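Everything below concerns the one structure shown next.
None of the figures in this text is laboratory data; all of them are computed from the coordinates on show. Note that the coordinates shown come from a computational prediction; the quantities given were computed from them, not determined experimentally. Backbone-built Cβ (ideal geometry, glycine too); neighbour counts: all protein chains shown.
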Amino acid sequence: MNIKVSEVAKRMGKSEQFVRIGLQRGLLPIGTAIKTGSKYSYYISPKLLEEYIGKDKKENEEIEIKTMG
């Protein structure tokens, strides 16, 4: 089962762009982003997402800083 980027963004309280870039850069450990031609395809694991969301909020904020910088 794959979860949509829009659903992940909503659950995390972040933008869809945040989720896409985090996956593309390997900063969000919830799935993968595969580039095919000029577009990306995303796979988001429900299990990894639940584990990640359950982590300490401070860890998640540190990843946000990395993707912004």
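Collect residues whose amide H, placed 1.01 Å from N in the peptide plane, falls under 5 Å from the amide H of G31; neighbours closer than 5 in sequence don't count.
Answer set, sorted by chain and number: S45.
How would you order 27-40, 10-23 from highest to lowest mean count of nearby Cβ atoms within 10 Å?
Ranking the peptides 27-40, 10-23 by packing returns 10-23, 27-40.
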